[in-house]
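Q: Please find one structure pasted underneath; my questions will follow.
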Amino acid sequence: MPNDTLTIKDNRTGKSYELKIENGCIRTADLKQIKVGPEDFGLMGYDPAFLNTANCKSTITFIDGDRGILEYRGYPIDQLAEKSTHLETSYLLMNGVLPSKSQLDDFTREITHHTYVHENVKSFMDGFRYDAHPMSMLASTVAALSSFYPEAKNVKSKEVRRAQMIRLIAKMPTLAAFSYRHAQGLPYIYPNNELPYTENFLTMVKSIGTARWKAHPALVKALDVLFILHADHEQNCSTTSVRTVGSSEVDPYSAVAGGIAALFGPLHGGANEAVLRMLREIGEKKNVPDFIKRVKAGDGTKLMGFGHRVYKNYDPRAKVIKKACDEVFSVTGRNPLLDIAIELERIALQDEYFVQRKLYPNVDFYSGLIYEAMGFPVDFFTNLFAIPRTVGWLTQWEEMITDTEQKIARPRQVFLGKRELDYVPIERRS
Ligand code: ACO
């Protein structure tokens, strides 16, 4: 019989301890009993950036980074991308099962009913400078929503939580579209609730001059596929931020605003923007080998859109996006930067530096090319990530709130600073 325990011998004291192994983990709180004396706090795990620490138990999203597998509630991402819609996938994430036809109709109706934002949100957005980054606008406006829905702070109520989840999933495209229109100096366009979710968003962003403006169905489909691919990704930086902020039992708008802030960074969702800037800087296919040399020289230049904390194999989302490129480019014309991207990938995938470190294209490597071909400015790319990730953030938040093992997130530190100094008045300091 396998014994699911770990025996640890503390060589400082010669004592042995037996810790339980459950789901492939020990509880680091169990290390606390390992002490050199009664005054000792006890052994801790030191894990900056959570390289090997599970922060929660989850049933939402499964990733096998070595084999390049991603599943939402058990369903492989490529099947969802091919067969589902973003709203159906959102239902799946939130409820754990695929909806029946009537469940999906009800869910769609509910989301559609909440796409409008309070008129004051518009004036709030007007307060931003003409060149405000759309992600700054989105983070602030989502945080501001908590002031419009004060009941949202009642996070113990299942009904209240669900109402905010529906609201936020519904309003995010409207807020993102408003932030785009603001940056372009264009009037805001209200949601058209006769349109499906993704088409409604594209229309709010792009429509100009006529109420009859119609998004190309192939572009709506491609964007919806991108929305599905971005809907959740287990305990990434922004989701961990949402869980951490939410663990204080603040309202979900404030928690999601924290997630948007985390997503903004170039090492996370901001990478799609960084990829485009990098491809433009490279400029031509013939400059690719020189750029790769610079990356390998270790002067801090990174091949943006490559590498992942979890995937040590091809990111399965990047595979789907690469395919979607063809469909989008058949409508918009080929993005000339695609040739540079393909050449970068070709060279990198056979270069020892990238092979050894298991660096493969991630979701952001090709998504920016599609966004650009669709006419979105680079600054707006991360908003296009935040819209679909909202359902992931909220589902993870709900799971955290209802998990009886969770408490306010509060890591420990290893203190290495000075202690017990005597205060020196300013005139006596050298
Ligand atoms: N280009 C060049 N070298 C890289 C890259 C890259 N994109 N990514 C990692 N490396 C190198 C590191 O320098 C390090 O080399 P070393 O062992 O010689 O020091 C090694 O590969 C391991 O990398 P880490 O930084 O330890 O990997 P980590 O898991 O901490 O970082 C991250 C993951 C942040 C995604 C990193 O790969 C990166 O910065 N990539 C570029 C930004 C990017 O594309 N981010 C999007 C991620 S997907 C998403 O968030 C939606």
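The values are calculated or read from the model by the stated rules, or taken from the named source; none is laboratory data. What you see is a predicted model, and the numbers here were worked out from it, not measured in a lab. Reconstructed Cβ throughout: ideal geometry from the backbone, glycine too, with neighbour counts over all protein chains shown.
Q: Which is under 26 Å from the mean Cα position of the chain (by Cα) and surrounded by 14 or more Cβ atoms within 10 Å (Cβ to Cβ), of P361, P411?
A: P361
Q: Condition test on I8, is it touching a Pro at 6+ places or on another chain (Cβ under 7 Å) and not acidic (D, E)?
A: Considered against the rule, which asks whether it is touching a Pro at 6+ places or on another chain (Cβ under 7 Å) and not acidic (D, E), I8 comes out as no.
Q: From S102, S16, S84, S90, which residue is exposed (fewer than 14 other Cβ atoms within 10 Å of the Cβ), among the hydroxyl-bearing types (S, T, Y) and closer than 30 Å to I169 by Cα? If you could, list the steps in order and put the result at the bottom.
A: Numbers: S16 fails: closer than 30 Å to I169 by Cα; S84 fails: exposed (fewer than 14 other Cβ atoms within 10 Å of the Cβ); S90 fails: exposed (fewer than 14 other Cβ atoms within 10 Å of the Cβ).
It is S102.
Q: So for segment 297-305 (the condition being touching a residue at least 12 places away in the same chain (Cβ under 8 Å) and closer than 20 Å to L384 by Cα), does at least one residue qualify? Full working, then the answer.
A: Taking segment 297-305 as the starting set, the residues that turn out to be touching a residue at least 12 places away in the same chain (Cβ under 8 Å) are 303-305.
Remaining after also requiring closer than 20 Å to L384 by Cα: 304-305.
Checking segment 297-305: at least one residue is touching a residue at least 12 places away in the same chain (Cβ under 8 Å) and closer than 20 Å to L384 by Cα.
Q: Please count how many residues of segment 260-301 are within 23 Å of P316 (Cβ to Cβ) and surrounded by 16 or more Cβ atoms within 10 Å (Cβ to Cβ).
A: Matching residues across segment 260-301 total 14.
Q: Right, next: Could you grab me the full set of residues in segment 282-322 that are among the basic types (K, R), more than 17 Å from L344 (Cα to Cα) and assigned to a helix (DSSP H, G or I)?
A: Of all residues in segment 282-322, those among the basic types (K, R) come to 285-286, 293-294, 296, 302, 309, 312, 317, 319, 322.
Still in the list and also more than 17 Å from L344 (Cα to Cα): 309, 312, 317.
Residue satisfying the conditions is R317 alone.
Q: Taking segment 282-301 as the search range and keeping residues that are β-branched (V, I, T) and within 13 Å of the ligand (Cβ to nearest atom), which one is nearest to D339 (Cα to Cα)? Spell out the reasoning first.
A: As a first pass, look at segment 282-301 and keep what is β-branched (V, I, T): 282, 288, 292, 295, 301.
Still in the list and also within 13 Å of the ligand (Cβ to nearest atom): 292, 295, 301.
Values: I292: 15, V295: 19, T301: 21 Å.
Looking at the filtered set, the residue picked out is I292.
Q: Given (1) more than 23 Å from the chain's Cα centre (by Cα); (2) at pLDDT 95 or above; (3) under 22 Å from G270 (Cβ atoms); (4) of a type in the set (S, T, N, Q), identify the lone condition not met by S179.
A: (1)
Q: Sticking with this structure for a sec: Considering every residue within segment 173-194, establish whether at least one is within 17 Å of H114 (Cβ to Cβ) and basic (K, R).
A: No, the conditions are met nowhere in segment 173-194.
Q: Please count how many residues of segment 60-81 are free of Cβ contacts under 8 Å to residues at least 60 places away in the same chain, more than 16 Å from G392 (Cα to Cα) and acidic (D, E).
A: 1
To keep it simple, each residue is scored yes or no on (1) modelled with pLDDT of 90 or more; (2) within 21 Å of A262 (Cα to Cα).
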| position | (1), (2) |
| --- | --- |
| A297 | yes, no |
| G307 | yes, yes |
| I321 | yes, no |
| R334 | no, no |
| L344 | yes, no |
| D351 | yes, no |
| R357 | yes, no |
| N383 | yes, yes |
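Q: Return the total of residues in segment 262-281 being within 14 Å of the ligand (Cβ to nearest atom) and assigned to a helix (DSSP H, G or I). Quick ask: steps written out before the conclusion?
A: First pass over segment 262-281, keeping only residues within 14 Å of the ligand (Cβ to nearest atom): 262-279.
Of the ones still in play, those that are also assigned to a helix (DSSP H, G or I) are 262-264, 271-279.
Count: 12.
Q: If you don't mind, there's one more thing I want to ask. Any idea which of V250, V245 is hydrophobic (A, V, I, L, M, F, W, C), at negative phi and surrounded by fewer than 20 Cβ atoms within 10 Å (Cβ to Cβ)?
A: Details: V245 fails: surrounded by fewer than 20 Cβ atoms within 10 Å (Cβ to Cβ).
It is V250.
Q: Could you please tell me which pairs satisfy a Cβ distance under 7 Å, a separation of 6+ or placement on different chains, a first residue in segment 270-289 that is farther than 12 Å from L303 by Cα, and a second residue that is of a type in the set (S, T, Y) and assigned to a helix (DSSP H, G or I)?
A: Pairs that qualify, where the first residue is farther than 12 Å from L303 by Cα and the partner is of a type in the set (S, T, Y) and assigned to a helix (DSSP H, G or I), are G270/T382; E273/T382.
Q: A further question follows. Sort out which residues of segment 69-117 are closer than 30 Å to S147 by Cβ, outside any helix (DSSP H, G or I) and among the β-branched types (V, I, T), and write them in order of number.
A: T115, V117
Q: Take the residues of segment 302-319 that are among the hydrophobic types (A, V, I, L, M, F, W, C), within 9 Å of the ligand (Cβ to nearest atom) and farther than 12 Å from F354 by Cα: which is surrounded by the fewest Cβ atoms within 10 Å (Cβ to Cβ)?
A: Start the filter on segment 302-319 by keeping residues that are among the hydrophobic types (A, V, I, L, M, F, W, C), which leaves 303-304, 306, 310, 318.
Imposing the further condition that a residue be within 9 Å of the ligand (Cβ to nearest atom) reduces the set to 303-304, 306, 310.
Remaining after also requiring farther than 12 Å from F354 by Cα: 304, 310.
On the way: M304: 24, V310: 16.
Looking at residues that are among the hydrophobic types (A, V, I, L, M, F, W, C), within 9 Å of the ligand (Cβ to nearest atom) and farther than 12 Å from F354 by Cα, I get V310.
Q: Still on this model: Quick one: which of N52, N95, N120 is loosely packed, with under 13 Cβ neighbours inside 10 Å, free of Cβ contacts under 8 Å to residues at least 40 places away in the same chain, among the polar types (S, T, N, Q) and farther than 30 Å from T28 by Cα?
A: Only one candidate passes the filter, namely N120.
Q: Limited to segment 328-379, what total is found for residues that are within 12 Å of the ligand (Cβ to nearest atom), touching a Lys or Arg at 6+ places or on another chain (Cβ under 8 Å) and among the hydrophobic types (A, V, I, L, M, F, W, C)?
A: The qualifying residues number 1.
Q: Can you find a residue in segment 147-155 that is farther than 28 Å from S248 by Cα and assigned to a helix (DSSP H, G or I)?
A: Step one: filter segment 147-155 for residues farther than 28 Å from S248 by Cα, giving none.
For segment 147-155, residues farther than 28 Å from S248 by Cα and assigned to a helix (DSSP H, G or I): absent.
Q: What is the one condition in (1) in a strand (DSSP E or B); (2) within 18 Å of the chain's Cα centre (by Cα); (3) of a type in the set (A, V, I, L, M, F, W, C) that L19 does not satisfy?
A: (2)
Q: Write out, first by first residue and then by second, each pair whose Cβ atoms fall under 7 Å of each other, whose residues are 6+ apart or on separate chains, and whose first residue, in segment 308-330, is under 10 Å from P361 (Cβ atoms) while the second is hydroxyl-bearing (S, T, Y) and not in a helix (DSSP H, G or I).
A: Once the first residue is under 10 Å from P361 (Cβ atoms) and sits in segment 308-330, its partners that are hydroxyl-bearing (S, T, Y) and not in a helix (DSSP H, G or I) give Y311/Y360; Y314/Y360; D315/Y360.
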